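Right, one structure below, let's go through it.
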Amino acid sequence: MNSGLLERIGANGAPIPVTEAGQRAALMQGEPLHRAFRPNLPADYPAHMEQMAGEGAHILQLEDGGDICAIAVWRTYLTTYCGRRFEVDDLVTAEGQRSKGYGATLMRALEAKARALGCGAVMLTSGTWRVDAHRFYFRERFAISSFLFVKNLT
């Protein structure tokens, strides 16, 4: 498994070590929460996430009391319009764990990673129907800066 794929932090934001040998088990521990957010993930979740890691994706899991309470999937890439872009693919807190500060803790960790990697901003895309998530992003001082246009080809 790609050792850079998965990191864990505690509810206080402190890193929790995950050994190379424990990566797959840790990844699978977060799978139910990730799948609740993205139900169309392929059946072989670890293989899919490892393939994404090969394309630059990383997973950050927030653990509290042995439970995975929040997950973020992120990546960076170089662009012509903003230099190094820090993109959050997924950001989810478990349904029964919301409004406990887990999302904000995860966001602080993501912001620190973005700064350390020389990124000037954290960017994410959120479905128009996710009104509760939008309230959170506005509280976190995100702004709507562009439209995302999609043309389905199937």
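Key figures for this structure:
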read-out	value
Theoretical gain in end-to-end length, F147 to Y81 [0.36 nm per residue, Cα-Cα removed]	22.3 nm
Evaluated over the stretch 1-62, the Cα radius of gyration and Dmax, each in Å	11.4, 32
Per residue accessible area of the stretch 1-42, 1.4 Å probe, in Å²	56
DSSP beta bridge pairing in the chain, given as percent antiparallel to the nearest 5	70
For G10, distant residues with modelled amide H under 5 Å away	I16, E63
Solvent-accessible area of R8 with every protein chain in place, 1.4 Å probe, in Å² to the nearest 10	20
Derived scalar couplings ³J(HN,Hα) [the stretch 122-135; Karplus, 6.51 cos²θ - 1.76 cosθ + 1.60; whole Hz; x for Gly, Pro]	10, 10, 8, 10, 10, x, 4, 7, 8, 4, 4, 5, 5, 4
Value at 222 nm in deg cm²/dmol, rounded to 500, when DSSP H runs of n ≥ 4 in the chain each add -39,500 (n - 2.57)	-10000 deg cm²/dmol
Charge context of V92, other residues only, Cβ under 11 angstrom, K/R +1, D/E -1	+1
Percentage relative contact order, the chain, counting C-alpha pairs under 8 Å, at least six apart	19
Accessible-area order (highest first, 1.4 angstrom probe) of the listed residues H34, H48	H48, H34
For the chain: rounded, prolate or oblate by the Cα gyration tensor [a/c cutoff 1.5]	rounded
In Å, descending, principal axis extents of the Cα set of the stretch 61-103	42, 18, 13
Total formal charge among the other residues, if their Cβ is under 12 angstrom from that of I71, Lys/Arg +1 and Asp/Glu -1	-3
The chain: most fluctuating residue of T105, T76, T125 per GNM, C-alpha cutoff 10 Å	T125
Probe 1.4 Å, all protein chains present, accessible-area order of R130, R24, largest first	R24, R130
Dipole of the chain [Lys/Arg +1, Asp/Glu -1 at C-beta], most positive-end residue of L117, G56, N12	L117
Value of relative contact order over the stretch 41-124, rounded to a whole percent, pairs C-alpha under 8 Å and six or more apart	24
Dipole magnitude (debye, nearest 20) for the chain, charges at Cβ of Lys, Arg, Asp, Glu	580
Contour minus Cα-Cα distance for Q51 and R38 (0.36 nm per residue)	3.0 nm
Accessible area in the full protein assembly, largest first, 1.4 Å probe, for Y77, Y45	Y77, Y45
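The values are calculated or read from the model by the stated rules, or taken from the named source; none is laboratory data. Only a predicted model underlies this, so the values are computations on that prediction, with no experimental measurement involved. Every residue, glycine as well, gets a Cβ built from its backbone with ideal geometry; the counts of neighbours run over all protein chains shown. What goes into the accessible areas is simple: the full protein's heavy atoms, side chains included, and nothing from ligands, DNA or RNA. Shrake-Rupley method; radii C 1.70, N 1.55, O 1.52, S 1.80 Å.
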